[in-house]
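See structure below.
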Amino acid sequence: MKVLTVGGGAREHTIVRKLHFDGADIYAVMSNENPGIAKIAEDYLLKSGREIDEVAEWAEEKDVDIGVIGPEAPLGDGIVDVLEERGIKCASPKKAAAEIETSKEFMRDLQTKYDLPGKVEYRPFEQIEEVEDFLAHYEGELAVKPVGLTGGKGVKVMGDHLENKKEVITYCEKVLEEEIGGKSRLLLEEKLQGEEYTLQVFTDGEEMIPMPLVQDHKRLFEGDKGPNTGGMGSYSQADELLPFVDQSLYDESVKIMRETLKALKAEDIPYKGILYGQFMLTAEGPKVVEFNCRWGDPEVMNVLPLLETNYVELCEKMAEGDISGIDILFEEKASVCKYVVPEGYGIDPEGGNLITLNEKAIEEEGAQLYYASVEERGGDIYTTTSRSLAIVGFSKKLEEAELVSERALRHVKGDKIHMRHDIGKPESIKRKSDNIKDIRGDMT
Ligand code: AMP
Ligand code: GLY
């Protein structure tokens with residue numbers, strides 16, 4: 001089976017490694033040469049994936065059987081529509097379905113129209129005067145969201161990034177004037193308070209198979225401080241739950257995903273591939289922060305390496321739009337993923353610095369290494385201004401998986417790199433569980 005993959009980050013390195021392990025020949029499209037993907041692929045094309053026609057022509061030339069698209073941007077551009085018109089079925093959603101991520105307004109409107117569980121209060125704005133009028137009468141705290149894609153960095157929340165209404169107005173002005181997210185339009189949403197977690201599912205639009213939960217860490221610094229990033233690391237447990245999410249909350253989250261897929265179907269928008277739900281566990285239960293139309297980064301690294309089911313067959317079935325009858329099994333292990341990023345990442349990054357690492361030693365510790373954005377020159381690895389690579393430790397228990405990730409990180413060295421050591425550590429987990437106890441009392 002020849003599989004076209006699009007994307008060159010750690011997410012796609014994970015996808016490529018698993019597809020290859022399960023028997024696929026990989027034809028990869030990526031904007032930078034990811035050394036991990038380049039090593040595995042039969043052939044690759046250095047493009048971002050947004051040059052859809054070029055990618056489709058190349059895929060046809062290579063005679064690929066199916067496509068698996070990693071990042072949201074090409075999905076939002078409609079790469080699946082074009083590939084499928086040319087007879088290449090994809091295990092990823094078409095443009096209309098990708099709107100669940102590419103338009104935050106579409107997603108919130110869908111929740112409202114179908115009165116879906118987990119919905120939140122929101123309002124769209126295009127004029128700064130209307131924002132000012134609205135805020136003059138609004139008592140609570142808010143999140144400001146550009147409606148389009150911003151790589152996870154466009155949302156600003158009162159109390160976290162914005163001090164007061166004046167700062168909210170200034171940021172709204174910037175979003176509208178600079179068209180952050182591609183449009184002069186934004187949402188103001190009620191601020192959700194609690195702990196965030198991720199639930200990813202495999203789906204053909206009707207059948208839906210949920211995966212183990214993961215908790216990502218968006219903030220740059222230890223203790224969940226500093227600016228939001230693309231994600232600094234994540235953990236998962238062997239029992240598929242999280243320390244602050246029990247079975248009944250997991251089931252509630254699964255129900256929200258199911259109802260959302262039903263609503264898409266009712267809108268005549270078929271969905272296939274991975275649906276990613278970002279939830280906030282609040283005093284009122286799980287609420288939807290966002291949906292993504294693809295694997296999460298870093299969350300894919302916690303889950304996909306543990307998939308025991310043949311991923312190539314699963315992708316083939318998703319591409320055909322029928323996953324009924326496939327047994328999906330995960331190895332019962334905990335995982336802790338930590339990203340290594342260049343110093344200044346998320347603020348004023350400095351790229352071009354050497355990272356030395358010993359892949360064999362990392363594997364011998366029971367961990368895996370996934371490359372993100374690095375440059376390989378003369379056999380050496382250099383940082384760029386984006387996240388460099390991720391280390392994932394696996395073990396039966398979460399505490400052990402964390403220790404594995406730390407032991408593996410000792411084989412990654414560089415003068416100008418940064419990582420969050422606290423991810424998955426008992427003190428960090430306790431802080432999150434205590435936060436939920438404060439917010440929800442003894443409901444959990
Ligand atoms: P998004 O791009 O929608 O994933 O938002 C990025 C981050 O902003 C989320 O992971 C949350 O931490 C935060 N966020 C988004 N929406 C809200 C909200 N309504 N209330 C509080 N925080 C939010
Ligand atoms: N982990 C956040 C994302 O993939 O968007």
Kindly list, by first and then second residue, each pair from a residue in the range 220-231 that is of a type in the set (Phe, Trp, Tyr) to a residue that is at pLDDT 95 or above and surrounded by 16 or more Cβ atoms within 10 Å (Cβ to Cβ), limited to pairs with Cβ atoms under 8 Å and residues at least 6 apart or on different chains. 221/420
Residue among 96, 91, 56, 73 that alone is modelled with pLDDT of 95 or more, under 20 Å from the mean Cα position of the chain (by Cα) and more than 24 Å from residue 230 (Cα to Cα): 96
If we ask which residues in the range 1-42 are within 16 Å of ligand 2 (Cβ to nearest atom) and assigned to a loop (DSSP other than H, G, I, E, B), their number turns out to be 3
When (1) in contact with an Asp or Glu (Cβ under 7 Å, 6 or more places away or on another chain); (2) on the phi > 0 side of the Ramachandran plot; (3) within 16 Å of ligand 2 (Cβ to nearest atom) are applied to residue 233, the one that fails is (1)
Filter the range 168-213 for residues that are in contact (Cβ under 8 Å) with a residue 12 or more places away in the chain and at positive phi; which is surrounded by the fewest Cβ atoms within 10 Å (Cβ to Cβ)? 182
Residue 326 passes all but one of the listed conditions (1) farther than 20 Å from residue 23 by Cα; (2) touching a Leu at 6+ places or on another chain (Cβ under 9 Å); the exception is number (1)
Go through the range 129-157 residue by residue and tally those that are over 22 Å from residue 232 (Cα atoms) and either open to solvent by 30 Å² or more (accessible area, probe 1.4 Å) or among the polar types (S, T, N, Q) (or both). 11
Odd one out for residue 323 among (1) in contact with a Lys or Arg (Cβ under 7 Å, 6 or more places away or on another chain); (2) within 15 Å of ligand 1 (Cβ to nearest atom); (3) not charged (D, E, K, R): (2)
All but one of (1) surrounded by 18 or more Cβ atoms within 10 Å (Cβ to Cβ); (2) touching a residue at least 40 places away in the same chain (Cβ under 8 Å) hold for residue 162, so report the exception by its number. (2)
If you scan the range 247-304, which residues turn out to be among the acidic types (Asp, Glu) and within 28 Å of residue 7 (Cα to Cα)? 290, 297, 299
Checking 284, 316, 308 in turn, the sole residue that is open to solvent by 30 Å² or more (accessible area, probe 1.4 Å), in contact with an Asp or Glu (Cβ under 7 Å, 6 or more places away or on another chain) and either more than 26 Å from residue 151 (Cα to Cα) or away from ligand 1 (no atom under 16 Å from the Cβ) (or both) turns out to be 308
Quick count over the range 10-36, residues being open to solvent by 20 Å² or more (accessible area, probe 1.4 Å) and among the small types (Gly, Ala, Ser), is 2
What residue, among those in the range 191-210 that are in contact with a Phe, Trp or Tyr (Cβ under 7 Å, 6 or more places away or on another chain) and modelled with pLDDT of 95 or more, is farthest from residue 286 (Cα to Cα)? 203
Do the conditions hold for residue 216, that is, is it surrounded by fewer than 16 Cβ atoms within 10 Å (Cβ to Cβ) and closer than 20 Å to residue 433 by Cα? no
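The values are calculated or read from the model by the stated rules, or taken from the named source; none is laboratory data. The structure displayed is predicted, hence computed values, not measured ones. Glycine also receives a Cβ, built like all others from the backbone with ideal geometry; neighbour counts cover every protein chain displayed. To get the accessible areas, we keep the full protein, side chains included, count just its heavy atoms, and leave off ligands, DNA and RNA. Shrake-Rupley method; radii C 1.70, N 1.55, O 1.52, S 1.80 Å.
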